[in-house]
């Protein structure tokens, strides 16, 4: 009897069914930034300078089975864009540079299949910079695949698009960055295309045991 009881307890703890599991991730990425403004597009005298942005983020994921997950993503993102007037280029005037960081909060739906994933969701951003709008709203979306890993650990490589839908530059600061004052102010929105490297760990799983009155338990891996 003394030998049977420990075996019974072990059996009760392992005979369970999975509800959902949790993972955490660290990720970083870099890629080109682009500011979208109708006045700038229509101004032949203004040159967009190539600029690179970056992002570093952490993720807490709630996974429902092996396909669907809902992720809380918090990022520190740097956005950069330079402009130069063609007339100023000849006179050696420095490039006017938009360069600031935001803290991005996003809730992303991710679908996984055959080692690949796609994700999309809304984003809320804040910036500690008086010459840009804060807060702003946008959307994150991306895709990728697993390079290596196991059931508990994975290294993923992917691509993420970040688009800030709301205006990012107040009208009063447009001459600071564009070098000119337009008759009518137009909304400035940000677009970034980032190559992302993600390191992911599976933390644990929620299970309901058939013993102990079917209580829900969290079991770490």
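No lab work stands behind these numbers, since they all come straight from the coordinates. Values in this document were obtained by computation on a predicted structure and should not be read as measured data. Here Cβ is always computed from backbone atoms with ideal geometry, including for glycine, and neighbour counts include all displayed protein chains.
Ranked highest first by the average count of other Cβ atoms within 10 Å around their residues, in what order do 24-35, 175-186 fall?
24-35, 175-186
In nanometres, what is the gap between the two model label sites at residue 111 and residue 181, each 7 Å from Cα along Cα-to-Cβ?
Output for this residue pair reads 5.1 nm.
Taking the Cβ of each residue in 172, 199 as the centre, tally the other Cβ atoms inside 10 Å and list the residues starting with the fewest.
172, 199
Take residue 171, project a point 7 Å from its Cα along the Cβ direction, then tell me which residues of the range 120-152 have their backbone nitrogen under 18 Å from it.
Residues 131-134 fall inside that zone.
Averaged over every viewing direction, what's the projected area of the C-alpha convex hull for the range 18-220? Give it in nm², one decimal, please.
Quarter of the Cα hull surface area: 13.6 nm².
If you rank 57, 150, 166, 75 by fewest surrounding Cβ atoms within 10 Å, what's the result?
150, 166, 57, 75
Using the alpha-carbon centroid of each, what span in Å lies between the range 16-74 and the range 171-193?
Rounded to whole Å, the Cα centres lie 24 Å apart.
Can you sort 160, 101 from fewest to most other Cβ atoms within 10 Å of each residue's own Cβ?
101, 160
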